[in-house]
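Engineer: Would you mind keeping the following structure in view while I ask a few things?
The values are calculated or read from the model by the stated rules, or taken from the named source; none is laboratory data. These figures come from a predicted structure and were not determined experimentally. Virtual Cβ from ideal backbone geometry, glycine too; neighbours counted across all protein chains shown.
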């Protein structure tokens with residue numbers, strides 16, 4: 001069996017692959033099958049709608065042109081496009097979307113990630129990420145204003161000194177005050193991340209170390 | 001094999017191996033290697049603020065990062081492997097592939113797959129699966145291609161008489177595994193399985209690509225070429241069995257180690273860690289086997305360039321798997337996950353092992369395919385040293401960078417401290433990458449002069465042997 005065609009193909013090739021698939025993939029699928037999976041239309045929540053409406057006030061012409069009124073349906077549309085952009089631009093290769101229970105991550109960003117946060121149509125495929133050149137984003141929603149995001153996407157180094165993040169002027173019609181459909185969508189997507197948490201937004205708790213030392217606890 | 005020693009009914013080399021397609025595959029592979037390295041250079045320059053091409057949509061480093069990885073995996077490695085298979089399988093089985101016409105069709109189809117992947121990614125259509133960014137509409141074509149590859153190569157393997165050599169176990173398994181892995185990774189997380197379970201599958205996919213596609217083809221080729229070049233058999237048949245079956249069983253169980261500390265169930269994460277350590281033990285037996293094979297012929301590493309490429313790659317393979325068995329532990333992972341340590345690890349294996357092996361095979365085969373010795377042995381040496389030293393510096397620098405990054409983050413300093421602190425390592429990486437790139441340019445120049453039939457005083461090269 002060990003050196004025969006049938007043994008290699010069926011046992012080694014199919015059999016062991018199937019065993020690994022059953023034990024490592026089918027097991028979690030079965031464990032989580034009772035968790036509901038949300039459709040995109042169900043994802044806009046009150047926190048996100050606030051930011052979406054804020055976008056319509058800050059960038060009225062662009063917003064009216066691409067989305068009209070800031071409704072839940074339009075917000076879901078923006079989320080879907082925003083996620084397509086997040087994938088297409090490779091954002092998920094420099095930014096992660098899960099907080100680990102180690103390395104002080106929950107102090108820096110917020111609660112450790114839970115499976116039910118990933119049970120939605122915008123995590124098909126899941127956007128865990130495998131590298132952090134930039135910070136984790138899964139608690140990014142609500143931390144910064146839409147203005148900040150507009151300027152940051154247009155040229156990251158102008159608000160984030162020394163940032164190695166590439167520039168995305170094609171999200172805008174010329175300057176940061178004129179985001180196009182893609183610009184509005186990606187901002188909506190980023191403001192969505194973490195907006196479902198009860199502890200949102202989480203920016204009050206974390207201060208970078210030097211400030212703690214200067215100002216005391 | 002000369003006519004004096006061959007058997008009367010033995011097929012001739014020219015009837016078995018289609019040399020033209022081997023050359024075509026190798027040239028295509030080198031083209032994608034160039035594309036991939038240019039993409040890598042772009043990203044490297046971006047990170048150290050030296051990118052002169054900022055703000056141009058079709059040169060966005062984010063998109064080129066995905067072209068970088070896909071061009072290496074599906075462009076360089078896949079094309080090189082296919083070229084090598086067209087040489088090795090007919091010679092091992094003494095049967096030709098199923099159909100030469102099919103072989104050329106597969107070649108064309110595969111280039112369509114790779115090029116449309118690159119164009120699709122450039123236009124922002126990448127699929128959100130690491131190492132599977134091939135746009136969704138190309139996936140069916142790629143799967144069909146993989147099936148045809150399996151059919152074309154299984155024909156001679158099924159027709160071969162007598163016991164099967166270890167290389168063929170690896171190749172057969174690779175055909176099954178590559179198809180299943182590609183289908184699993186590209187279809188399930190996208191269409192069927194969201195969230196954490198999808199993440200488990202994504203982890204399986206990433207590791208199965210390395211362990212069940214690249215590794216078996218690579219080692220299969222090592223088992224084939226090393227005894228031929230050393231003119232000695234592999235030291236132990238028993239260890240070959242342990243190596244193959246150990247890999248077959250344990251490798252597929254590793255995948256979740258790419259996503260440790262995610263919400264994937266903890267008992268599965270522990271399982272993946274244990275399976276990874278088990279693979280390291282299996283790998284050690286394979287390394288022992290190959291080093292016992294060269295025992296007593298160590299001088300070959302100096303005189304025989306392909307052997308030097310192969311054994312350097314094996315040292316790096318041992319190093320990378322040893323590193324893996326340590327870095328996979330949750331203790332290490334807490335510090336180094338998400339850092340450049342992992343990027344260093346990936347380059348050590350993809351370039352330092354598999355690319356070195358394939359470049360070594362090309363160094364061996366091109367003189368035979370072109371019918372003449374290398375134009376310049378000195379340039380061959382430059383190719384080896386620039387590639388190896390460049391890669392090792394990149395690996396060492398990024399590994400150190402990873403440790404720094406991990407500690408910067410854990411110490412809760414603001415994020416820019418980690419990106420600023422990474423600059424010296426990223427600058428070093430630019431130069432290491434340039435050295436690696438220069439090595440490949442030297443190789444292509446040497447190849448061009450060889451093809452043109454030039455000879456130089458330094459042409460004390462590898463003599464071609466005609467079967």
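Engineer: For the stretch B:240-266, which positions are within 16 Å of residue A:101 (Cβ to Cβ), assigned to a helix (DSSP H, G or I) and within 9 Å of chain A (Cβ to nearest Cβ)? Explain how you work it out, then say what you get.
Structural biologist: Kept after step one, since they are within 16 Å of residue A:101 (Cβ to Cβ), are these residues of the stretch B:240-266: B:259-266.
Filter once more, keeping what is assigned to a helix (DSSP H, G or I): B:259, B:266.
Within the stretch B:240-266, just B:259 meets the criteria.
Engineer: Could you look through the stretch B:182-202, keep only residues that are more than 8 Å from chain A (Cβ to nearest Cβ) and buried (at least 20 other Cβ atoms within 10 Å of the Cβ), and pick out the one that is nearest to residue B:92 (Cα to Cα)?
Structural biologist: Once the filter is applied, the top-ranked residue is B:182.
Engineer: Can you pull out the residues in the stretch B:20-50 that are more than 11 Å from residue B:430 (Cα to Cα) and within 14 Å of another protein chain (Cβ to nearest Cβ)?
Structural biologist: B:39, B:49
Engineer: Which of the numbered conditions does residue B:218 fail, given that it passes all the others? Conditions: (1) more than 23 Å from the chain's Cα centre (by Cα); (2) more than 11 Å from chain A (Cβ to nearest Cβ).
Structural biologist: (1)
Engineer: Give the number of residues within the stretch A:95-108 that are facing another protein chain (nearest Cβ under 7 Å) and in contact (Cβ under 8 Å) with a residue 12 or more places away in the chain. Steps first, please.
Structural biologist: Filtering the stretch A:95-108 for residues facing another protein chain (nearest Cβ under 7 Å) gives A:96, A:98, A:100-104, A:107-108.
Now restrict to residues that are in contact (Cβ under 8 Å) with a residue 12 or more places away in the chain: A:96, A:98, A:100, A:107-108.
Matching residues across the stretch A:95-108 total 5.
Engineer: Here is a further query. When only residues in the stretch A:12-66 that are within 13 Å of chain B (Cβ to nearest Cβ) and touching a residue at least 12 places away in the same chain (Cβ under 8 Å) count, which is surrounded by the most Cβ atoms within 10 Å (Cβ to Cβ)?
Structural biologist: The initial filter retains those residues of the stretch A:12-66 that are within 13 Å of chain B (Cβ to nearest Cβ), namely A:12-40, A:43.
Filter once more, keeping what is touching a residue at least 12 places away in the same chain (Cβ under 8 Å): A:32, A:35-40, A:43.
Numbers: A:32: 21, A:35: 15, A:36: 9, A:37: 17, A:38: 16, A:39: 11, A:40: 16, A:43: 19.
Result: A:32.
Engineer: Give the residues of the stretch B:404-419 that are assigned to a helix (DSSP H, G or I), in contact with a helix residue (DSSP H, G or I) (Cβ under 9 Å, 6 or more places away or on another chain) and within 13 Å of chain A (Cβ to nearest Cβ), sorted by residue number.
Structural biologist: Within the stretch B:404-419, the subset assigned to a helix (DSSP H, G or I) is B:404-410, B:415-419.
Okay, now just the ones that are also in contact with a helix residue (DSSP H, G or I) (Cβ under 9 Å, 6 or more places away or on another chain), so B:404-410, B:415, B:417-419.
Hits for the stretch B:404-419 are B:405, B:406, B:407, B:408, B:409, B:410, B:415, B:417, B:418, B:419.
Engineer: For residue A:111, work out the one condition from (1) part of a helix (DSSP H, G or I); (2) touching a residue at least 40 places away in the same chain (Cβ under 8 Å); (3) surrounded by fewer than 20 Cβ atoms within 10 Å (Cβ to Cβ) it doesn't fulfil.
Structural biologist: Tallying (1) part of a helix (DSSP H, G or I); (2) touching a residue at least 40 places away in the same chain (Cβ under 8 Å); (3) surrounded by fewer than 20 Cβ atoms within 10 Å (Cβ to Cβ), residue A:111 fails exactly one: (1).
Engineer: Then there is this: Could you run through the stretch B:39-63 and say how many residues are touching a residue at least 40 places away in the same chain (Cβ under 8 Å) and not in a loop (DSSP other than H, G, I, E, B)? Before the answer, list the steps.
Structural biologist: Within the stretch B:39-63, the subset touching a residue at least 40 places away in the same chain (Cβ under 8 Å) is B:40-41, B:44-45, B:47-48, B:50, B:58, B:63.
Checking the rest, the ones that are also not in a loop (DSSP other than H, G, I, E, B) come to B:40-41, B:44-45, B:47, B:58, B:63.
Of the residues in the stretch B:39-63, 7 are touching a residue at least 40 places away in the same chain (Cβ under 8 Å) and not in a loop (DSSP other than H, G, I, E, B).
Engineer: Take residue B:164 and tell me if it is in a helix (DSSP H, G or I), in contact with a helix residue (DSSP H, G or I) (Cβ under 8 Å, 6 or more places away or on another chain) and either at negative phi or crowded, with 22+ Cβ neighbours inside 10 Å (or both). Quick ask: steps written out before the conclusion?
Structural biologist: Numbers: in a helix (DSSP H, G or I): no; in contact with a helix residue (DSSP H, G or I) (Cβ under 8 Å, 6 or more places away or on another chain): yes; either at negative phi or crowded, with 22+ Cβ neighbours inside 10 Å (or both): yes.
Against the criterion (in a helix (DSSP H, G or I), in contact with a helix residue (DSSP H, G or I) (Cβ under 8 Å, 6 or more places away or on another chain) and either at negative phi or crowded, with 22+ Cβ neighbours inside 10 Å (or both)), residue B:164 does not qualify.
Engineer: Let me confirm something: among A:170, A:148, which residue is assigned to a helix (DSSP H, G or I), modelled with pLDDT of 90 or more and facing chain B (nearest Cβ under 7 Å)?
Structural biologist: Details: A:148 fails: facing chain B (nearest Cβ under 7 Å).
Answer to the check: A:170.
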